[in-house]
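Encoded as structure tokens, the structure appears first; notes follow it.
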Amino acid sequence: MISGDTSSLERMTNDYYVAFFKGTNEQPIIFNRKDAVTGMRQSVKQMLGANKRFENRIIRLKNNNHTVVFYEQLIYKGAELLSRLFTIEDWQFLDGKWMIVREIEEPID
């Protein structure tokens with residue numbers, strides 16, 4: 001978010017999707033890879049200079065080629081906390097590199 005370059009974050013499989021949960025009784029909003037990349041690029045441009053932190057990270061290997069990562073994602077601009085999300089990522093080792101397959105995001109109030 002500091003540089004505005006998202007290319008290193010675009011290691012997603014072609015069938016990648018992300019589900020954003022908002023309210024307790026609402027269905028998630030689901031974005032495919034194309035929409036997720038477009039949205040990420042837009043939000044990074046809007047938050048240039050912000051800092052993203054990953055706290056309380058837990059990584060669990062399902063097997064040698066599949067892992068799940070859980071963490072709290074915090075976005076700060078200066079000292080102000082802009083966003084706090086609980087994130088679950090599903091990664092697979094494909095063609096010699098780790099790729100994200102799916103992701104779940106839920107705000108923490």
Going by alpha carbons, how many degrees (0 to 90, nearest 10) lie between the helix axis of 33-46 and the longest principal axis of the chain? 30
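Stretched out fully, how many nm does the piece from ARG60 to ASP95 gain, at 0.36 nm a residue minus the Cα gap? Display every interim value, and only then the final one.
Values: separation 35, 0.36 × 35 = 12.60 nm, distance 2.07 nm.
Additional length available on full extension: 10.5 nm.
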Under 10 Å, Cβ to Cβ, from ILE108 - net charge with Lys/Arg +1 and Asp/Glu -1: -2
Please report the Cα spread of the stretch 21-66 along all three principal axes, rounded to whole Å, starting with the longest. 37, 31, 24
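In debye to the nearest 20, how big a dipole does the chain give about its Cα centre with +1 on each Lys and Arg Cβ and -1 on each Asp and Glu Cβ?
That gives a dipole near 240 debye.
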Sorting TYR71, GLY23, MET99 by the position of each Cα along the dipole of the chain (Lys, Arg +1; Asp, Glu -1; all at Cβ), the one nearest the positive end of that ordering is MET99
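Here is the link list: LYS77/LYS97; LYS34/LYS77; LYS62/LYS97; LYS45/LYS97; LYS22/LYS62. Which ones come out longer than 25 Å on Cα distance?
Values: LYS77/LYS97 32 Å; LYS34/LYS77 27 Å; LYS62/LYS97 16 Å; LYS45/LYS97 27 Å; LYS22/LYS62 28 Å.
Over 25 Å Cα-Cα: LYS77/LYS97; LYS34/LYS77; LYS45/LYS97; LYS22/LYS62.
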State, to one decimal in nm, how far the label point of ILE88 lies from the label point of ASN32, with both points 7 Å from Cα in the Cβ direction. 2.4
Calculate the spin-label point distance for MET40 paired with THR67, positioning each point 7 Å from the Cα along the beta-carbon direction, and give it in nanometres. 1.7
With no solvent and one point per C-alpha, what does the Debye sum give as log10 I(q)/I(0) for the stretch 49-94 at q = 0.16, 0.22, 0.27 Å⁻¹? -0.51, -0.73, -0.89
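Each value in this text was obtained by applying a stated rule to the coordinates, not by laboratory testing. Everything numeric here is computed off the predicted structure, so don't read it as measured data. Because the Cβ atoms are built from the backbone with ideal geometry, glycine has one as well, and the counts that use them run over all protein chains shown.
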